[in-house]
Amino acid sequence: MPETCVAHVFGEHSTQTFGRYSVPYVSPERVAFLDKLRKSLDPAQIGPMAVFLASDAAKDVSGQIFTVIGNEVFLMSQIRPLRSIHRDSGWTPETLAERVLPAFKTWLTPMERTMDVFCWDPI
């Protein structure tokens with residue numbers, strides 16, 4: 001975490017409120033993971049990918065999403081429609097709440113933390 005961030009790592013394992021500030025609990029394991037991750041990443045590791053993508057060698061690569069983390073390169077999934085719902089008379093905030101959420105609920109993507117998706121140490 002950046003030096004300017006405040007994390008609650010002691011005491012109760014819950015978010016604490018101090019005046020108007022809400023400070024989330026961060027487990028010591030997560031702090032150690034993020035510290036190790038931050039120390040292992042170098043912005044210079046992204047440069048070769050940028051140069052490659054701008055070169056003639058990547059002339060057949062277009063519309064792709066790449067992620068560079070440390071010495072690993074990931075090809076990410078594309079954003080595509082999963083479901084749709086139509087209403088002839090249009091939508092209001094109330095009809096969206098009544099119809100869209102129930103129709104899409106099982107299709108919603110969970111909000112995962114980076115360490116839940118990339119559960120290994122960076123290479």
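Numerical summary
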{"quantity": "DSSP-assigned coil residues among trypsin sites (Lys or Arg not before Pro) in the range 41-122, each with at most 13 further Cβ atoms within 10 Å", "calculated": "Lys59, Arg83, Arg87, Arg113"}
{"quantity": "GluC sites (Glu not before Pro) restricted to the range 60-115 and DSSP loop, no more than 12 other C-beta within 10 Å", "calculated": "Glu112"}
{"quantity": "Net charge dipole size for the chain [Lys, Arg +1 and Asp, Glu -1 on Cβ; Debye, nearest 20]", "calculated": "280 debye"}
{"quantity": "Radius of gyration, Dmax [the range 37-80; alpha carbons; angstrom]", "calculated": "11.9, 34"}
{"quantity": "DSSP loop chymotrypsin sites (Phe, Trp or Tyr not before Pro) with at most 14 other Cβ within 10 Å excluded, longest remaining stretch of the chain", "calculated": "11-90"}
{"quantity": "The chain - mean residue ellipticity at 222 nm from DSSP helices (-39,500 (n - 2.57) per run, n ≥ 4, rounded to 500)", "calculated": "-5500 deg cm²/dmol"}
{"quantity": "Kirkwood hydrodynamic radius over Cα pairs of the range 41-117, then Stokes diffusion coefficient at 20 °C and 1.002 mPa s, in µm²/s", "calculated": "129 µm²/s"}
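Every number in this text was worked out from the coordinates using simple rules, so none of it is lab data. The shown structure was predicted, so the numbers you read here are calculated from the model rather than taken from an experiment. Note: ideal-geometry Cβ built from the backbone for every residue, glycine included; neighbour counts use all protein chains shown.
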